[in-house]
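Trainee: Quick one: this structure, given as structure tokens, is what I'll be asking you about.
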Amino acid sequence: MNLTLKRIWHLACLAVNGSGGKLGLAYCVIILLMGLAEIQISVLFIAWNKDFFDALGKYDVDAAVWQIGVFAVLTAASAGLYLVGTYLRQLLQMRWRTTLTCASLDRWMKNKAYWHLNTTESSPLDNPDQRIAEDCRIFVQRLVGGGSMMGSDGNILDFITGLIGLITYVVLLWELSDFSLDFTLFGQAVSIEHYMVWAAPIYVLISSGLTHWLGAPLMKLNLINQHREADLRFALTHFRESKDAIALGDGEAAERLAIDARYGRILENWRQRIKREFILGCFTRPYFMTVLRIPLFIAFPAYLAGSVALGGLMQLSSAFQKVVTSLSWFIFCYKPLAELAATSNRLGFFLSEAEAAAMKPPSITTVASRNGALHIRDLAIRDPNGKPLLHLPELSIRPGEAVWIDGPSGIGKSTLIKAISGLWRHCGGSIEIPPGKTLFLPQNAYLPLGGLAAAVTYPDEPDDIDAVRALLARVGLDCPRHSRQLDRTDDMAKDHKLSGGEQQRLIIARILAAKPNWVFLDEATSALDAEAERQLYATLRNALPNTGFIVIAHREPRGLGVYRRLDLRESLLFAETAKQRKSETEETAREFAPETTERVAACAG
């Protein structure tokens, strides 16, 4: 419980401290002031009960009609305050959800935390997209309310207002119940002064205890439900994004089994939830139905004893009802509070993990290059379990030089690129980073949200469509279909209009647009035939003669001119030998075998 409260406080601070979030505090003050005004109207309603029923008891038609008018005015004022307050709450929701969403995105993207986080389907941290999109909304809604026009939805502002109102109603009830309840118990005379004041908290305390005892499992079940719903959405999204491979492989039956299995887990948890909600409802529903009548029954002895008249009885019953209703906030809002707790824990855990991932220091020492070249020294790469993969004692690449990194599949070529870029943290060593712009391009072309022009200039915005059109022509994407797509702003990745080879040609156009000083290509031309690859490499070398190219590929990069070949097979053999020699007392620098041999070959593309 303490951890949940800490997370709620932390998330609330993030919502308030963001850009524009502090203005929301002014909204809160206005909403609270309007809540206090509603409390005063409620007090007037309590007094109205006495006046109206006294008029009825005396058969005073004029007084009764007047009280009907008073009732209409009070109702209009109360409804107006409530509607304006709800409108302000929804504005507050928009503002604080925006600041909380921005804070979540900042932490998710800072220092590439999104890449380092373990967000697989089976990990405790799943679906960061849902945490940001849905949990931020639910948290703010449960914090400030305003999501419903029908009544309280279990938010903190209503709790604060209710607490202030409770004090007001208790004081009023104390003043009204200035009589005692006298009875005999086990032969002893018992007299309880202001007994209605004491009856209210006892009645609600017992009811609240029963509510929590019956409903506590709902918190865990709600949390499980979120995870399993997210698993189903993940499976459906995966199916949609992989539709070509599934259709060609006739995999519909297998995919349906996987989706049905995830939905089955939702149903299993759903059954437990509705069973628990039914058990909780067996108490809460009768409570809701009787809570407005119980005050009248408790005040009835005072009426029979002649301590109060009919109007006083209704006034006393109304005041007691307000006390009980205020004290029953926990019971009325148990399910929203359970959702607030589950949401706060999910979102708080996600943000704490994102912050930890962003603050984790890099495992490779990086310094500025002294001569403009890329220098790698004693680079030891391991898998996440600590198994040695590669060891590069020393590698230097001059500006404008081309290097072909060769090796069988699975040896760790892509991991080497990730280590150089700073993404892979299961490694050690030092790198001297040369100045200038560097591009790291994977095998699978990334098509961002937006049209074809945005895909060419990514991550920059396209500012010259004619220049983009010329770049597409240079890489063989100059057909009318591609020209028509230049001005589109819809989702390229969603449409899948480009084939694999066309996507890789687009990557070459992106390099030409960026004009980088260094380019790392990870199988970025694997979907092209050898001649098309040669032509595109030649285009790159002619356009960027001073750019350094580091190419991971299974075939030689013909077209780049003179290149140097680095075969990683020796690195793998030396790493395995080092693993066999490893002892608990050895230094990290001695864990790997002597220097890796470079196979250097020079040829013209």
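The values are calculated or read from the model by the stated rules, or taken from the named source; none is laboratory data. As the structure is a computational prediction, the values presented were derived from the model and not from experiment. No Cβ is skipped: glycine too gets one built from the backbone with ideal geometry, and neighbour counts run over all protein chains shown.
Trainee: Name the single residue that is farthest from ASN111 (Cα to Cα) among those in region 407-429 being touching a strand residue (DSSP E or B) at 6+ places or on another chain (Cβ under 7 Å) and among the aliphatic types (A, V, I, L, M).
Mentor: LEU416
Trainee: Additional query: With the condition being more than 25 Å from ILE364 (Cα to Cα), I'd like the helices (runs of 4 or more DSSP H) fully within region 407-474 carrying at least 1 qualifying residues.
Mentor: 452-457, 465-474
Trainee: Kindly indicate whether any position in region 86-94 is within 24 Å of LEU316 (Cβ to Cβ), touching a residue at least 24 places away in the same chain (Cβ under 8 Å) and touching a Gly at 6+ places or on another chain (Cβ under 7 Å).
Mentor: No, every residue in region 86-94 fails to be within 24 Å of LEU316 (Cβ to Cβ), touching a residue at least 24 places away in the same chain (Cβ under 8 Å) and touching a Gly at 6+ places or on another chain (Cβ under 7 Å).
Trainee: I need the helices (runs of 4 or more DSSP H) fully contained in region 252-327, keeping only those with at least 1 residues that are surrounded by fewer than 16 Cβ atoms within 10 Å (Cβ to Cβ) and modelled with pLDDT of 80 or more.
Mentor: In region 252-327, 252-290 are the helices (runs of 4 or more DSSP H) which contain 1 or more residues that are surrounded by fewer than 16 Cβ atoms within 10 Å (Cβ to Cβ) and modelled with pLDDT of 80 or more.
Trainee: Out of the residues in region 422-441 meeting the condition of being surrounded by 18 or more Cβ atoms within 10 Å (Cβ to Cβ) and over 34 Å from the mean Cα position of the chain (by Cα), tell me which one is farthest from TYR458 (Cα to Cα).
Mentor: Ranking the qualifying residues of region 422-441, first place goes to GLY429.
Trainee: Taking region 115-142 only, how many residues are at pLDDT 85 or above and of a type in the set (Ser, Thr, Tyr)?
Mentor: The number of residues fulfilling the criteria is 0.
Trainee: Taking ARG265 as the residue in question, decide whether it is in the same structural domain as SER42 (by TED's automatic domain parsing) and free of Cβ contacts under 8 Å to residues at least 40 places away in the same chain.
Mentor: Criteria met by ARG265.
Trainee: Filter region 533-548 down to residues that are more than 23 Å from ALA373 (Cβ to Cβ) and within 43 Å of the chain's Cα centre (by Cα), then give me how many there are.
Mentor: Of the residues in region 533-548, 2 are more than 23 Å from ALA373 (Cβ to Cβ) and within 43 Å of the chain's Cα centre (by Cα).
Trainee: Continuing with this model, one more query. Looking only at region 180-226, filter to residues that are part of a helix (DSSP H, G or I) and of a type in the set (Gly, Ala, Ser); which one of those is farthest from GLU134 (Cα to Cα)?
Mentor: It comes out as ALA199.
Trainee: Then there's this: For residues that are in contact with a Phe, Trp or Tyr (Cβ under 6 Å, 6 or more places away or on another chain) and in the same structural domain as GLU432 (by TED's automatic domain parsing), scanning just region 347-406, find the one that is surrounded by the most Cβ atoms within 10 Å (Cβ to Cβ).
Mentor: HIS391
Trainee: Is region 341-348 home to any residue that is within 22 Å of GLY162 (Cα to Cα) and either without any contact (Cβ under 8 Å) to a residue 12 or more places away in the chain or part of a helix (DSSP H, G or I) (or both)?
Mentor: Checked region 341-348: at least one residue is within 22 Å of GLY162 (Cα to Cα) and either without any contact (Cβ under 8 Å) to a residue 12 or more places away in the chain or part of a helix (DSSP H, G or I) (or both).
Trainee: From the list LYS515, LYS497, which residue is at pLDDT 90 or above, basic (Lys, Arg) and farther than 16 Å from GLN443 by Cα?
Mentor: None of the others qualify; the one that does is LYS515.
Trainee: Another one. Restricting region 143-186 to residues that are among the polar types (S, T, N, Q) and out of contact with any Cys (no Cβ under 9 Å at 6 or more places or on another chain), which is modelled with the lowest pLDDT?
Mentor: My answer is SER148.
Trainee: Does at least one position in region 55-65 carry a residue that is at pLDDT 90 or above and touching a Phe, Trp or Tyr at 6+ places or on another chain (Cβ under 7 Å)?
Mentor: No: zero hits.
Trainee: Which residue pairs have Cβ atoms under 9 Å apart, sit 6 or more places apart or on different chains, and have a first residue in region 38-58 that is within 17 Å of LYS322 (Cβ to Cβ) and touching a residue at least 12 places away in the same chain (Cβ under 8 Å) and a second that is among the aromatic types (Phe, Trp, Tyr) and crowded, with 19+ Cβ neighbours inside 10 Å?
Mentor: Close Cβ pairs (under 9 Å, with a partner that is among the aromatic types (Phe, Trp, Tyr) and crowded, with 19+ Cβ neighbours inside 10 Å) amount to ILE39/TYR169; SER42/TYR169; VAL43/TYR169; ILE46/TYR169.
Trainee: Which one of these does ARG370 not meet: (1) among the basic types (Lys, Arg); (2) outside any loop (DSSP other than H, G, I, E, B); (3) farther than 29 Å from ASP106 by Cα?
Mentor: (2)
Trainee: State which residue is farthest from PHE300 (Cα to Cα) when the search covers only region 321-335 and only residues that are out of contact with any helix residue (DSSP H, G or I) (no Cβ under 6 Å at 6 or more places or on another chain) and touching a residue at least 60 places away in the same chain (Cβ under 8 Å).
Mentor: LYS335
Trainee: Applying the selection to region 466-486, what residues are modelled with pLDDT under 85 and in contact with a helix residue (DSSP H, G or I) (Cβ under 8 Å, 6 or more places away or on another chain)?
Mentor: Across region 466-486, the qualifying residues are LEU477, ASP478, HIS482, SER483, GLN485, LEU486.
Trainee: For region 391-402, indicate whether the set of residues that are within 28 Å of GLU523 (Cα to Cα), of a type outside the set (Val, Ile, Thr), out of contact with any Cys (no Cβ under 9 Å at 6 or more places or on another chain) and free of Cβ contacts under 8 Å to residues at least 40 places away in the same chain is non-empty.
Mentor: Looking for residues that are within 28 Å of GLU523 (Cα to Cα), of a type outside the set (Val, Ile, Thr), out of contact with any Cys (no Cβ under 9 Å at 6 or more places or on another chain) and free of Cβ contacts under 8 Å to residues at least 40 places away in the same chain, one finds at least one in region 391-402, hence yes.
Trainee: Quick check on PHE283: is it more than 30 Å from the chain's Cα centre (by Cα) and touching a residue at least 12 places away in the same chain (Cβ under 8 Å)?
Mentor: yes
Trainee: Determine which single condition SER318 fails, assuming it passes every other condition in (1) touching a residue at least 60 places away in the same chain (Cβ under 8 Å); (2) closer than 24 Å to PHE139 by Cβ; (3) not aliphatic (A, V, I, L, M).
Mentor: In the conditions (1) touching a residue at least 60 places away in the same chain (Cβ under 8 Å); (2) closer than 24 Å to PHE139 by Cβ; (3) not aliphatic (A, V, I, L, M), SER318 misses (2) alone.
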